[in-house]
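*Asks:* Input: one structure, supplied below.
The values are calculated or read from the model by the stated rules, or taken from the named source; none is laboratory data. Here the structure is a predicted model, which means the values were calculated and not measured. Here the Cβ positions follow ideal geometry from the backbone for every residue, glycine too, while neighbour counts run over all protein chains shown. Calculation scope for accessible area: heavy atoms of the full protein, side chains included, ligands and nucleic acids excluded. Shrake-Rupley method; radii C 1.70, N 1.55, O 1.52, S 1.80 Å.
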Amino acid sequence: AKGFYVTTFGGANWSGVSIDDVSVDTGFTMGAAVGTTLDALPLRVEGELAYRSNDLTFCGLPITDSTWSAMANAVYDIPAQIGGLHPYALIGVGYAQRTVSADPIPGLELTNGGFAWQLGAGVNTQVAPGVVMGVGYRYFDGPDFELGPIHDDGQNHVALASVSFPFN
């Protein structure tokens, strides 16, 4: 391995809920990853912990939809540079725990855990010695949920910004 790195990230999360009588607010995501670059390949492997949350309204009832995930990612650093920007592609698999709760009603909560996967792409650039910043997109597919007439398949779209600290 060429060296280890730590990454933190955050951004906007859009839930894939698209059901009549449900409005979905833009949510947020945040997380961190620890990884390493493999020798002789433009490939990184990392472990990631992330949290994402969206607020929904169903017939006037406020609902919170949140997901914790633990992912193993492979990140391919595309061997091209565009004006100091280094593009990458990401694929990940792991486990996610999703909780959907009706905020004003204590105990009205549904939790579902299971397999999750994600695809992503973005660009990184070194902004100072030992500091790399990036922007990217991720498609995340986690556990689904069903609460009365509401059914969602767990899909999320994420726009994120990241800061990485490589240790060579």
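*Asks:* Would you mind listing the strands (runs of 3 or more DSSP E) fully within segment 1-120 where at least 2 residues are touching a residue at least 12 places away in the same chain (Cβ under 8 Å) and closer than 17 Å to GLY134 by Cβ? Full working, then the answer.
*Replies:* Values: elements: 3-15, 22-24, 27-37, 43-58, 61-77, 86-102.
Here the list reads 3-15, 27-37, 43-58, 61-77, 86-102.
*Asks:* Then there's this: Can you pull out the residues in segment 49-66 that are out of contact with any Pro (no Cβ under 8 Å at 6 or more places or on another chain) and surrounded by 21 or more Cβ atoms within 10 Å (Cβ to Cβ)?
*Replies:* Within segment 49-66, the first condition is being out of contact with any Pro (no Cβ under 8 Å at 6 or more places or on another chain), and the residues that meet it are 49-54, 57-60, 63-66.
Hits for segment 49-66 are ALA50, ARG52, ASN54, ILE63, ASP65.
*Asks:* Hey, can you tell me all the residues within segment 29-42 that are open to solvent by 40 Å² or more (accessible area, probe 1.4 Å) and either at pLDDT 95 or above or of a type in the set (D, E, K, R) (or both)? Step through it out loud before you land on a result.
*Replies:* From segment 29-42, those open to solvent by 40 Å² or more (accessible area, probe 1.4 Å) are 30, 32, 34, 38-42; that's our starting set.
Of everything in segment 29-42, those that are open to solvent by 40 Å² or more (accessible area, probe 1.4 Å) and either at pLDDT 95 or above or of a type in the set (D, E, K, R) (or both) turn out to be MET30, ALA32, VAL34, ASP39.
*Asks:* So in segment 1-22, with the set limited to residues that are open to solvent by 30 Å² or more (accessible area, probe 1.4 Å) and of a type in the set (Phe, Trp, Tyr), which one is modelled with the lowest pLDDT?
*Replies:* Selected residue: TRP14.
*Asks:* Could you tell me which numbered condition GLY84 fails, if it satisfies all but one of (1) out of contact with any strand residue (DSSP E or B) (no Cβ under 6 Å at 6 or more places or on another chain); (2) open to solvent by less than 70 Å² (accessible area, probe 1.4 Å); (3) at positive phi?
*Replies:* (1)
*Asks:* Here is a follow-up. Any residue at all in segment 128-138 that is at pLDDT 95 or above, over 25 Å from PHE4 (Cα atoms) and not β-branched (Val, Ile, Thr)?
*Replies:* The answer is no, given that none of the residues of segment 128-138 is at pLDDT 95 or above, over 25 Å from PHE4 (Cα atoms) and not β-branched (Val, Ile, Thr).
*Asks:* Go through segment 56-81 and report how many residues are farther than 21 Å from ALA116 by Cα and touching a strand residue (DSSP E or B) at 6+ places or on another chain (Cβ under 6 Å). Walk me through it before giving the result.
*Replies:* Our first condition is that a residue be farther than 21 Å from ALA116 by Cα; within segment 56-81, this holds for 56-63, 77-81.
Subset that is touching a strand residue (DSSP E or B) at 6+ places or on another chain (Cβ under 6 Å): 56-58, 61, 63, 77-78.
Total meeting the criteria: 7.
*Asks:* A further question on this structure: Within segment 139-159, is even one residue open to solvent by less than 40 Å² (accessible area, probe 1.4 Å), assigned to a strand (DSSP E or B) and over 20 Å from ALA12 (Cβ atoms)?
*Replies:* Within segment 139-159 (the criterion being open to solvent by less than 40 Å² (accessible area, probe 1.4 Å), assigned to a strand (DSSP E or B) and over 20 Å from ALA12 (Cβ atoms)), the answer is yes, since at least one residue qualifies.
*Asks:* Okay, next question. Which members of segment 99-138 meet the condition of being over 13 Å from the mean Cα position of the chain (by Cα), closer than 27 Å to LEU56 by Cβ, of a type outside the set (Ser, Thr, Tyr) and open to solvent by less than 30 Å² (accessible area, probe 1.4 Å)?
*Replies:* Matches in segment 99-138: VAL100, ALA102, GLY114.
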